[in-house]
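Working notes for the structure below.
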Amino acid sequence: MVETQAPELSVVVAIIDGGDCLRDFLRAALAFADAPAHEIIVPYDQTCPEVPAMQAEFPAVRFLDMGHVATGHPVTTEAGRHELYDRRKSFGLKAARGRYLAILEDRGHPRADWARAVVDLHKETGAAVVGGAIECREPAGALNWTFYVTDFSQYGLPVRTGPATWISDVNVSYTREALEATKDLWTERYHEPIVHEALMARGDTLWLSDRVVIFHGRPKTPLGYMIHERFHWGRLFGHIRTMTMSEGQRWKYILLSPLIPPVLWLRHGMTQRRKGRGMRYLRALPYVMILTTAWTAGEVWGYITRRP
């Protein structure tokens, strides 16, 4: 709930699906157990017309009106939508008042002990960044489970606790000092690979833990839309990576790109087998092959064009 003094934890909620998905998320977040003093921040813009009416329903939440947000691509495109997601996160982080600042998405419902675990882990480890496990929210059909696997396979329970080089921005928190030190990198658009690489370069620790758990799910989505989405999100990822890689690395990824999908199929399969979901993975393998190929094609196009 919102405190009159600066809270210990600020939770920035990125609207991805909005509507009932956002309502369900807020109900979960407002039911934290043994929570530290915290605030929940929901930045919204002109593309979220249903959000202002929620303020009366959730008076403990800080809803921040961003007004009209100009984007480089139309907001009807995947590139434009993703830019809005990035700008919402940046806007929320700049408004956050807490000692620790976290980002969640309305698709990722936090476990009841999430807030307490985040703050405790920052204090116990001294880590600049704390991230956690991402479980699939059940029940999930084959296609939605495939989406979860191809995006978050490595973060499913059990996860290895300790220093990490990759932490997902759908379940992440920072010390205020770490974000202030990198503010020039995220003040307009937040991209976690760039922020995390900069923090690691200055010697900060990223800490992954199985105590910080969210349950991720999305509305039922047609395969055709997911293919389109995977291509464009992969393209953005490739574009972001070119910002920090050398020309030689860029060409290495381009030339080796035909090998990426088979490597991903094998890696995802081994990960799911270790987690006891090997048969479920085999049943979903045709979808996995389609979505990873779409993502890889987009990622490589991002390397080639250097554009989102």
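The values are calculated or read from the model by the stated rules, or taken from the named source; none is laboratory data. Note that the coordinates shown come from a computational prediction; the quantities given were computed from them, not determined experimentally. In this analysis, Cβ positions are derived from the backbone assuming ideal geometry, glycine residues included, and neighbour counts consider all displayed protein chains. To get the accessible areas, we keep the full protein, side chains included, count just its heavy atoms, and leave off ligands, DNA and RNA. Shrake-Rupley method; radii C 1.70, N 1.55, O 1.52, S 1.80 Å.
Computed quantities for the displayed model
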{"item": "Tensor-based shape of the range 1-131 (alpha-carbon gyration tensor, a/c under 1.5 rounded, otherwise prolate or oblate)", "result": "prolate"}
{"item": "Cα-centre dipole for the chain with unit charges at Cβ (Lys and Arg positive, Asp and Glu negative), debye to 20", "result": "1040"}
{"item": "Label point at residue 259 placed 7 Å out along Cα→Cβ; residues across the range 228-253 whose backbone nitrogen lies under 20 Å", "result": "238, 242, 245-253"}
{"item": "Anisotropy class of the range 79-216 from Cα gyration tensor, a/c 1.5 cut", "result": "oblate"}
{"item": "Mean-position separation - Cα centroids, the range 40-102 and the range 272-302, in angstrom", "result": "31"}
{"item": "Low-density loop cleavage sites - trypsin sites (Lys or Arg not before Pro) in the range 199-275, where at most 11 other Cβ are within 10 Å (DSSP)", "result": "202, 220"}
{"item": "Hull shadow area, averaged, the chain [alpha-carbon convex hull, nm²]", "result": "15.3"}
{"item": "Which of 66, 243, 102, positive extreme of dipole for the chain (C-beta unit charges)", "result": "243"}
{"item": "The chain: calculated mean residue ellipticity at 222 nm from DSSP helix runs of at least 4, using -39500 (n - 2.57)", "result": "-15000 deg cm²/dmol"}
{"item": "Extension gain from residue 200 to residue 112, taking 0.36 nm per residue of separation minus the Cα-Cα distance", "result": "28.7 nm"}
{"item": "Cα-based reach from residue 220 at 26 Å (exclusive), listing lysines while leaving out same-chain residues under 8 positions away", "result": "89, 275"}
{"item": "For residue 208, residues with placed amide H under 5 Å, excluding near neighbours", "result": "131, 162, 164"}
{"item": "Cα centre as origin, Lys/Arg/Asp/Glu Cβ charges: the range 1-113 dipole, Debye", "result": "280"}
{"item": "Backbone HN-Hα couplings from phi across the range 156-161 [Karplus 6.51/-1.76/1.60, Hz, Gly and Pro as x]", "result": "x, 5, x, 10, 7, 7"}
{"item": "Average accessible surface area per residue within the range 3-100, 1.4 Å rolling probe, Å²", "result": "40"}
{"item": "4 °C / 1.567 mPa s Stokes-Einstein diffusion coefficient of the range 242-308, Kirkwood radius on C-alpha pairs, µm²/s", "result": "99"}
{"item": "The range 108-218, dipole about Cα centre (Lys/Arg Cβ +1, Asp/Glu Cβ -1), debye to the nearest 20", "result": "180"}
{"item": "Whole-percent carbon and sulfur share, accessible surface of the range 174-220, 1.4 Å", "result": "52"}
{"item": "Cut-off under 5 Å, modelled amide H: who pairs with residue 172 long-range", "result": "103"}
